[in-house]
Structure formats: C-alpha cells, structure tokens
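Only one structure is covered here, and it is reproduced in the block below.
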Protein chains: 2
Amino acid sequence: MNIPQSNLPRIIVIGGGFGGIALAKKLAKKEVQVVLLDKHNYHNFQPLLYQVSTGGLEPDSIAYPIRKVLQGYPNFYFRLAEVVQVDTVNRRVHTNIGPIHYDYLVVATGSETNFFGNKNIEEKAMAMKTIPQSLNLRSLILENFEQALLTDDLHERDALMNFVIVGGGPTGVELAGALAEIKKGILPKDYPDLDTRRAQINLVQGGNRILPAMSEIASQKAEKFLEKLGVNVWKNIRVTDYDGKHISTNTDTTFEAATLVWAAGVKAVSIKGLDAQEFLSRGNRLIVNEFNQIQGHNEIFAIGDVAHMETEAFPNGHPMMAQPAIQQGQNLGVNLVRMLENKPMQPFTYKDKGSMATVGRNKAVADLRRFKFQGVFAWFVWMFVHLFFLIGFRNRVVVFINWVYNYVRFDREARLIIRPFKKRYQDSPPT
Amino acid sequence: MNIPQSNLPRIIVIGGGFGGIALAKKLAKKEVQVVLLDKHNYHNFQPLLYQVSTGGLEPDSIAYPIRKVLQGYPNFYFRLAEVVQVDTVNRRVHTNIGPIHYDYLVVATGSETNFFGNKNIEEKAMAMKTIPQSLNLRSLILENFEQALLTDDLHERDALMNFVIVGGGPTGVELAGALAEIKKGILPKDYPDLDTRRAQINLVQGGNRILPAMSEIASQKAEKFLEKLGVNVWKNIRVTDYDGKHISTNTDTTFEAATLVWAAGVKAVSIKGLDAQEFLSRGNRLIVNEFNQIQGHNEIFAIGDVAHMETEAFPNGHPMMAQPAIQQGQNLGVNLVRMLENKPMQPFTYKDKGSMATVGRNKAVADLRRFKFQGVFAWFVWMFVHLFFLIGFRNRVVVFINWVYNYVRFDREARLIIRPFKKRYQDSPPT
C-alpha cells in the first residue's frame, strides 16, 4: 500500500462519510499518522441524493473529493481501497490493494440498503444510497416515460408511469414529493403526447404514520403536503414481493409498477473479522461503549451509522443520520489525542439538533429542540441547513443556483439519461 | 412509434446536435410535423467535453434535455431511438423502436472518432466525443494516479502518469493544456506522497504544426503556451500502434503510457441505406448540393458534420465544427418552409465567424475574420463565446460559476470517480 512507516501511531479510518471526515478534520496536525480508506474517491452528501434522482441537482455538486478535504494535512494518507477483512489479532486491515497494519482502527463504514433478506426485491427494486444508484434511478424514471410513449397497451403504460416508493422516512417522503412535482411541472410540457395525468406516485409505509422518527404534528403535516401534491400515501402496508412489475403486500392491496424504490430500511456495512455475533446489535451495528470502543478492543472504534451506542436517551442506539456521525467523529478525534497523551477520554453525548424533511416547494416539516414548525419557513430553514452542511464553497454556490432556478422556473434541468439503466442491466447488474 | 398521422408533411430529423436543434428551432410553429430522433435524450455541447474529462465542469451543465428545447412547439415529437436503416424507396426510417414513414428526412447524425481502421488503438485508446466517454476518461485519469501511488516499479509508475494525446487540433490542444494545469495546480496538493513532477503530458501531431486549421501565428503561439505549461509537443509523428502500454510511432520515438487519448480524427456517422459509395465523400460524409440535398433524393437532406458540401471557398467541404452545422440547420429550416410554399430554396453560404482554441488560464488563440490575437483577451473572448453558445440559462450560470471558481482557486473540484473505468472495463467494454 506504500504508506511509510513512521514513529507516529497509525490510525486507520475506514470510510470517508460524515463520521470519517469529521474525525479526520479533528486529527489534522496532531501527532498521528492517519490513513483514510474509502472505495470512492469522494465524500457523498447523502441527504440530497433524492434530488439527483429527480434531476434537480448534478451529482457532482453533492460530492466532494476526499483528497481535497485532506489537502495540507501532514501525515495523512488517502487510499482508494475496498476493505476485505480486519485481522484483530495481528492488527491488520486486508484490502484489495494489500494489507496494512494499524495501531488504532476506526470503522466508519456507514450503512447500506436493507432488503431484510428479500432476494426478489433486492434484485428488482431500486436503492438510493449511493451516487451511482441515484443516477441509475434518474435514468430509469426518464426511460420509463420514453417507453410509455411507445406502447398502446394501457396496462403497460400505466405500470411504466406508476412509481411505488416503499418506506415513509425522510428519503421516501422527499423522493415522493419531488416526483409529484415533476409530474405536475415538467411531464405535461415534456410529454405533450402522453396523458401524464395517469402517472401515479405511491408512498407505502409499514407503520401507521409517515416520518415515524419525528413528531406527530410533523407526520400529519407531511402527509397533508404529500396529498396536496397528489401522492397516494398508504399506511399499515408492508410490501412483500416484487417481480419487476407486480407488487404484493401483506394486505389485499397490490400495485402494478415498473419502478419500485426501496427506502424502507438500512443496515450497517459490516466488515469480515468484525462480524462475529458478539460484536453486533440489530441491523449489523457494532456495539460500542461511550467512547465508541467496540467490545474487548480498546484500539478499535466505530462511529456513525455503523456504531450502536446505548444511552439512556437512546436505548436502541442513536439515529442513523448525519448528525450523530459527525458528532461522534469529532468526539473521537478529541479522544484519540487525549488517549495518546494519557489523558482520560470524554464520553460521547449527543446534542440533538432536531430533524427535518422537505416535501416540496414551500413545504417542509421541522422538529427542532424547542420549536416544531411546518410550511414555508421550515422549507427555508431546511435549505439553509443543507447548504451549510454541504462540503465545499463551489458545491454550495452551484446547489444554491440550481435551487433558485428550479424554484423560479418550476423546473429541473438535469433530466438526462447519461448512462441508460435498462440497457446496461441486460449486460451486467448495475452498481 | 406511436406518432399520429396528420395532414402536415412529416419531417424526420435524425440527431439532436447543433444542426438538428438549430433546424428544429426554425421549424417551430410552421405547418409541418417534426419528429426528432436521437439515441440520447440530451443535446451535448461537445466543445467543452475536455473540461468534463479534466474535472473542471459537471457533465450535466454542458448537456441539455432535448425535450426541453422542444417544449411548446406544436406538432413536435421527440423519440429516444437508434436508427437502424433508412429505406429510401419506401421513405421509411427503421429504428430500434419500430419503423416510421417520412416525407422529408434530415440526417444530422454528426461525427464520431475515426481510428482509421487501427483496431488496437480503437480498443485501447480513449475517445472523447460523448459525455460517457469523457466521464470514462475522467475516471481513468484519476484511477491512474491512485494506482501510481501503489507501485514501487518506477517504470510502471511513470507509465501511469504519462498521458499521450494524439491529435493537435483544438480538442487535443485544450485537453493537453488542461492536464498540464492539473499537474501543476492540483496533483502536488492531492498527492503529496507521489512525485507528481514525473507526470508527463505529450501532444503528438502528425503534421508540422498544431492547430493546422488556424493561422500560422495561432499555431506558433499555442505551441509556445503549451510549452510554457510543460506539455511536450511532438510534431511530424504519427502514432501507429498501442497495446495499452507501449505506443509505437512511424519514427524512432516511442512512449510508455497507460493513457492514450485519440483526438486525431473524426468521421461522419453513416446510416445503413445511405451508405452506398455514390453518396459518400471522404470520411463517410454525405455529398450534398447547395441546398443540403443528397444526390438523387430531393427529399433527403444532410447537415453539419455529416454533410459534405463543396463550395469555392471550401472545396473539401466545410469544417466539422459547430458553426457550419448551426448555420446549415438554420438555412435548411428556412428552405423546407420555402419548399413547402413552392418558393425557390436559397443556397447555403457559410459565414465564417473564425475559430478559437484555449490552452489554459489566460492563454488562448483566436482567428477572427479581421483580427488574429492571442493571450488573455483571446481567452476572455473564448469564454464569452462558449457561454453564449451553451444552451440554457442555468447551464450558463453554472458553467460561469465553475469557471470563476476554478480561475480564482486554481482548482477543479469535479475530480470524482463516479463510475470506475478500469473495473467496469473488465465486465464489458464501456460505452
């Protein structure tokens, strides 16, 4: 892997997501060698992936080169690598570009889509956790409409224009809202020769309310917003099977849809060597103590989505979102330095900054610590907060320009099929 | 194909490039039915593809949805389709989504990379005529540097950091200049653990000067600019073979390089049914008269790169660039209407607006009709002209913002490997 030996203790960080980057920033210019491994060369701002899928933003403006984040940090090494296994006995990480020894290891691998073992759905549904996945979904949505034009079979045409989104969390809600806006604002102009009023957007939620992690009022308002936009919201229904066209559920309700987006769950990305049952909690998360150390290994830490830290306020671990990852990364950065200076580490405490979801233009819901509000103001706060947390000045400006343009013009210009999805799928499964 | 029969004459336009779009705009709201076919759903601003390959611009900001161009035009139909064959006897176009009858046919298929029959080069070299190709090149450049870090074999490392660009036209010159700027401004910061001074950028030109279509002074100045940036310019050398590493030429000069970009020629994209030798000129171009009609078919027209119109000023046809395509598209738009009104058509006359090429920041060369100038002013004119010809207000703003940012910060932030090139190549050849 060609990383020089030095007298400094070596910290390997697996993953350049919110947690890994926050940690790296805290370790800049400290007396440590940091090796950051990621299978992508960019950090990806996941909360805005749904806007890539719906043509509102370019993928490049929500991604940021990891090397650029680390520019000017001495003793930092980035390697584009996939981790194969962790050897905790010899303190070694095995990767597709060779093995490397660690003194301290930080697992910040994040999460991936959880299909709960349903192979049919895994094979036929679309996920939206990475940029390539989001671009595949963008291509598929557009290809469906192009194809709907060509058929005289009304059933087939309806299925091509029927979108079923499974999962009523923020991702599902935001995607459903965006699709509804496309149906209303863009489709009639782009497809004058297609009866796009027949397009359907369905949001299917297993529980009895959408946005279950937010307040009751947020759930109710979000549902109202979605209904106003023409989204069909289905509650207390679980999707059980999908063959690429027919969707079964645990009730009598069925759907015929060429597109099923699965946003119904995530699980931690586990690593071989750290996947023994003793380490793991629900959803493959690594059980950690208040210093983010995993059981029996003071030199191995886990942060963010992949870490399961039980506290009084969060008996089932912290929510799998950006904020806990960022805060744990920052706290661990401080702790690693303290540890090396033989000072006691400080336990992690989560400062809940609240949560938000946007449904459409002028329509968002926000639960902050003291205030809960919905509507135009929440929407502006949502935009401001997301711009603030985006990495990179250029990204912020480009995203802002796009949002202003899309708002003023009711438009989304990145409706481009750069890499066709359907065609490629015939060759090899898309990544 | 589900396009309604109407009493209006049907004009089929194959290709949504500069020519096809210019023609479509002229036909808007005329008494014709227009069917535009393209295998992509977007218009692609080819002159800026090299900036996509070098991380300076997002692909989405130089692409524009074709459907959006046609919004609000009555009797316009866009179909995402690949043309298989033209049946000139029955006046029918066969496509992958079915056949369609035409009254008038306009071939505006543009051009593709010409490897002059060299299969080895075609297989191993990178082309840069489409957005997916440009993104593949972007990925490959970045993957090469990541890989260069991993090897102790100095020869291999040098080959990974050696870029050979074949073809001294505007594309080759602009790409070479951009790579040289990356070498200088970005690599040392991104790869502090790699001796990036050893990276080489070579521009290989078969003739005795680069930019042969421009003035002598432009060629000389461009060469000086390139040398100042550290590009090795090789003249009077033709590349003859490439096996993925070793490059042979018609002289004793050879190169060891993991990347060969082929920008040494284009040929028209021909269509089965219109590819008989009697129709074709050099480089597969369709021979047309001064009204853009092909031989023996008053109802079939060709415009842009694919059209070979001999005039006194251009005995070998017009240059294969945006301007002749746009002007021919506009002229044909007027002529089709005149033809349908039984008025005489007006012969095409090319208004040469000059040509330009940019080498790097503050470094461009311009040959306008009355003035030839080089340097900072030419560079500003180059930027202004390209912004002007970009389609779409949003695209212009985003490109402008990126240029300002890149200029001020000496940076290019879209250095992202969204779809790895090397890995994918093992599965199936990239498109």
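Listed here are the residues, each with its yes/no results for (1) of a type in the set (Asp, Glu); (2) more than 14 Å from chain A (Cβ to nearest Cβ); (3) under 19 Å from the mean Cα position of the chain (by Cα).
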{"position": "B:353", "(1), (2), (3)": "no, yes, yes"}
{"position": "B:358", "(1), (2), (3)": "no, yes, yes"}
{"position": "B:362", "(1), (2), (3)": "no, yes, no"}
{"position": "B:377", "(1), (2), (3)": "no, yes, no"}
{"position": "B:383", "(1), (2), (3)": "no, yes, yes"}
{"position": "B:387", "(1), (2), (3)": "no, yes, yes"}
{"position": "B:400", "(1), (2), (3)": "no, no, no"}
{"position": "B:409", "(1), (2), (3)": "no, no, no"}
{"position": "B:419", "(1), (2), (3)": "no, no, no"}
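To keep it simple, each residue is scored yes or no on (1) in contact with a Pro (Cβ under 9 Å, 6 or more places away or on another chain); (2) at pLDDT below 95.
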{"site": "B:349", "(1), (2)": "no, no"}
{"site": "B:354", "(1), (2)": "no, yes"}
{"site": "B:366", "(1), (2)": "no, no"}
{"site": "B:369", "(1), (2)": "no, yes"}
{"site": "B:375", "(1), (2)": "no, no"}
{"site": "B:405", "(1), (2)": "no, yes"}
{"site": "B:409", "(1), (2)": "no, yes"}
{"site": "B:413", "(1), (2)": "yes, yes"}
Self-check item: Test: residue A:117 is touching a residue at least 12 places away in the same chain (Cβ under 8 Å), farther than 26 Å from residue A:187 by Cα and surrounded by fewer than 18 Cβ atoms within 10 Å (Cβ to Cβ)
Solution: no
Quiz prompt | All positions within region A:363-393 that are within 26 Å of residue B:404 (Cβ to Cβ), touching a residue at least 40 places away in the same chain (Cβ under 8 Å) and of a type outside the set (Val, Ile, Thr) | solution = A:386, A:389, A:390, A:392
Exercise. Name the single residue, out of those in region B:240-263 being in a loop (DSSP other than H, G, I, E, B) and in contact (Cβ under 8 Å) with a residue 40 or more places away in the chain, that is surrounded by the fewest Cβ atoms within 10 Å (Cβ to Cβ).
Key: B:243
Exercise. Give the number of residues within region A:5-26 that are touching a residue at least 24 places away in the same chain (Cβ under 8 Å) and surrounded by fewer than 20 Cβ atoms within 10 Å (Cβ to Cβ).
Key: 5
Practice problem: Can you give me the number of residues within region A:303-316 that are assigned to a loop (DSSP other than H, G, I, E, B) and open to solvent by less than 10 Å² (accessible area, probe 1.4 Å)? | Solution: 1
Exercise. Among the candidates A:32, A:106, A:83, A:89, single out the residue that is aliphatic (A, V, I, L, M), out of contact with any Lys or Arg (no Cβ under 7 Å at 6 or more places or on another chain) and without any contact (Cβ under 8 Å) to a residue 60 or more places away in the chain.
Key: A:89
Quiz prompt | Options A:184, A:221, A:189: the member that is open to solvent by 70 Å² or more (accessible area, probe 1.4 Å), assigned to a helix (DSSP H, G or I) and more than 26 Å from residue A:405 (Cβ to Cβ) | solution = A:221
Exercise. Sort out for me the strands (runs of 3 or more DSSP E) sitting completely within region A:27-111 that have 1 or more residues that are more than 14 Å from every other protein chain (Cβ to nearest Cβ), open to solvent by 30 Å² or more (accessible area, probe 1.4 Å) and of a type outside the set (Ser, Thr, Tyr).
Key: A:83-87, A:92-95, A:98-101
Self-check item: Single condition residue A:152 does not satisfy, out of (1) free of Cβ contacts under 8 Å to residues at least 12 places away in the same chain; (2) not assigned by TED's automatic domain parsing to the domain that holds residue A:401
Solution: (2)
Quiz item: Can you tell which of B:258, B:276, B:302, B:307 is assigned by TED's automatic domain parsing to the domain that holds residue B:136 and small (Gly, Ala, Ser)?
Solution: B:258
Practice problem: Give the number of residues within region A:146-167 that are in a loop (DSSP other than H, G, I, E, B), open to solvent by 10 Å² or more (accessible area, probe 1.4 Å) and either in contact with a helix residue (DSSP H, G or I) (Cβ under 8 Å, 6 or more places away or on another chain) or at positive phi (or both). | Solution: 1
Quiz item: Among the residues of region A:271-280, how many are closer than 30 Å to residue A:175 by Cβ and either open to solvent by 60 Å² or more (accessible area, probe 1.4 Å) or in contact (Cβ under 8 Å) with a residue 40 or more places away in the chain (or both)?
Solution: 1
Quiz item: Got a sec? Which of B:210, B:237 is within 22 Å of the chain's Cα centre (by Cα) and open to solvent by less than 60 Å² (accessible area, probe 1.4 Å)?
Solution: B:210
Quiz prompt | From the options B:323, B:293, residue that is at pLDDT 95 or above and more than 15 Å from the chain's Cα centre (by Cα) | solution = B:293
Quiz item: Of all residues in region A:142-168, which are in contact with a strand residue (DSSP E or B) (Cβ under 7 Å, 6 or more places away or on another chain) and among the β-branched types (Val, Ile, Thr)?
Solution: A:164, A:165, A:166
Exercise. Kindly check whether there is at least one residue in region B:134-145 that is in contact (Cβ under 8 Å) with a residue 40 or more places away in the chain, open to solvent by 40 Å² or more (accessible area, probe 1.4 Å) and more than 9 Å from chain A (Cβ to nearest Cβ).
Key: no
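The values are calculated or read from the model by the stated rules, or taken from the named source; none is laboratory data. As the structure is a prediction and not an experimental result, all values here were calculated from the model. All Cβ positions, glycine included, derive from the backbone under ideal geometry; neighbour counts span all protein chains shown. Side chains are part of the model used for accessible areas, which takes the heavy atoms of the whole protein and leaves out ligands, DNA and RNA. Shrake-Rupley method; radii C 1.70, N 1.55, O 1.52, S 1.80 Å.
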